[in-house]
Every structure is written in C-alpha cells, then in structure tokens.
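Here's the structure, in structure tokens; my notes come after.
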Amino acid sequence: MGNKDVITLYTDGACSGNPGPGGWAAILKWNQHEKELSGYAPDTTNNRMELQAVIEGLKAITNNDYPVIITTDSKYIHDAFIKDWISGWKKRGWKTSQKTDVKNRDQWEELIELVESFDVEWNWTKGHAEDEMNNRCDELARGEIEKRLG
C-alpha cells in the first residue's frame, strides 16, 4: 500500500482543567494534501475532546474507499479499539467491567459508527514528544482554548 493510497489522520484533544474549556484538533493528510481542523467546547473533559477530534477528522473524509491510519496519543481511544473494550461494553449494556456506566457513550456510539465505515488502522503515539503531527494537533487544540480565554 503506497502512501498515496492511504489517508492519515492525526488527532488530539486538550482541556484547561478537567472538566473545563476544551479544544480538539485533527490533521488529515492524503497524497500531497493536508487539512487542519479544530474546534472548541466551553465545558468538557479531556477524553471528550480526544473523542471529538477523531469524530470530526473521520467526518471530514469524503471518500471511504481508502484505508485510514489514525494516530492518537489517547490510550483511552486506542485501547478501546485495539483491546476491544467496546465489545465488552456493548455486551454489558454499556457498562464497564466495574459495572459503571461507560462515560461519553454518545461520542463512542458516533465514533464506532464512523469507524465501521472505514478500513481503519490505529496507531498510538506518546503525547508531547517527538511526533511532529501530534504536537501540531496539540498546538491547534490548545489554540482553540486560548482564543476564547485570552
């Protein structure tokens, strides 16, 4: 699979306080193209912003004929798909293994539906480290918060 045959999606979420004002960002790369997306929520959590970044990134892809490689620094999202926590949540009626409600169910359901319409590969990267695109997403997400808070 050559690089031109794949879409790469980098995502990150940020929160000032948890909960607090938050920002999300996604960068899509395909062929020689690159698109940056970002947004804001006034009262949210870091995990909700991480989820929103992936949701918005996938929503922005207009052609699902190509595989999508999603790179996130969120173990929460990565592991839910890679370790298949989602099947367990669904079997237990959206309860965790500790029998508590799965947080952010609304976003999880939206994300699962989006992921199912693509051929997705998940990558995890360490946040605030050497990954240039993850750092750019972090900058964009934090920028959304700074725009509102000054």
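The values are calculated or read from the model by the stated rules, or taken from the named source; none is laboratory data. In this text the structure is predicted, and so the values were computed from the model without any measurement. Cβ coordinates were reconstructed from backbone atoms using ideal geometry, including for glycine residues, and neighbour counts include every protein chain displayed.
If we scan the range 26-38, do we find a residue that is crowded, with 21+ Cβ neighbours inside 10 Å, of a type in the set (Asp, Glu), in contact with a helix residue (DSSP H, G or I) (Cβ under 7 Å, 6 or more places away or on another chain) and in contact (Cβ under 8 Å) with a residue 24 or more places away in the chain? The answer is no, given that none of the residues of the range 26-38 is crowded, with 21+ Cβ neighbours inside 10 Å, of a type in the set (Asp, Glu), in contact with a helix residue (DSSP H, G or I) (Cβ under 7 Å, 6 or more places away or on another chain) and in contact (Cβ under 8 Å) with a residue 24 or more places away in the chain.
Given the condition within 20 Å of residue 119 (Cα to Cα), loosely packed, with under 14 Cβ neighbours inside 10 Å and under 12 Å from the mean Cα position of the chain (by Cα), answer yes or no: does some residue in the range 54-72 qualify? Yes, the range 54-72 contains a residue that is within 20 Å of residue 119 (Cα to Cα), loosely packed, with under 14 Cβ neighbours inside 10 Å and under 12 Å from the mean Cα position of the chain (by Cα). If you go through the range 62-72 and pick out every residue that is touching a strand residue (DSSP E or B) at 6+ places or on another chain (Cβ under 6 Å) and either more than 16 Å from residue 108 (Cα to Cα) or free of Cβ contacts under 8 Å to residues at least 60 places away in the same chain (or both), you end up with 4.
Of the candidates 115, 102, the single residue that is β-branched (Val, Ile, Thr), farther than 15 Å from residue 9 by Cβ and crowded, with 17+ Cβ neighbours inside 10 Å is 102. Consider residue 18 carefully, then state whether it is of a type outside the set (Phe, Trp, Tyr), at pLDDT below 95, part of a loop (DSSP other than H, G, I, E, B) and under 20 Å from residue 137 (Cβ atoms). For residue 18, the condition - of a type outside the set (Phe, Trp, Tyr), at pLDDT below 95, part of a loop (DSSP other than H, G, I, E, B) and under 20 Å from residue 137 (Cβ atoms) - is met. Of the residues making up the range 31-85, those that are more than 19 Å from residue 137 (Cα to Cα) and among the hydrophobic types (A, V, I, L, M, F, W, C) are 80, 81, 82, 85. Those helices (runs of 4 or more DSSP H) of the range 26-145 in which at least 1 residues are among the aromatic types (Phe, Trp, Tyr) and at pLDDT 95 or above, considering only elements entirely within it, cover 75-82, 85-91, 105-116. Residue 23 satisfies every condition listed in (1) under 18 Å from residue 128 (Cα atoms); (2) part of a loop (DSSP other than H, G, I, E, B); (3) in contact (Cβ under 8 Å) with a residue 40 or more places away in the chain; (4) not polar (S, T, N, Q) except (2).
Of the residues making up the range 94-138, those that are in contact (Cβ under 8 Å) with a residue 24 or more places away in the chain and charged (D, E, K, R) are 103, 110, 119, 121, 126, 131, 136, 138.
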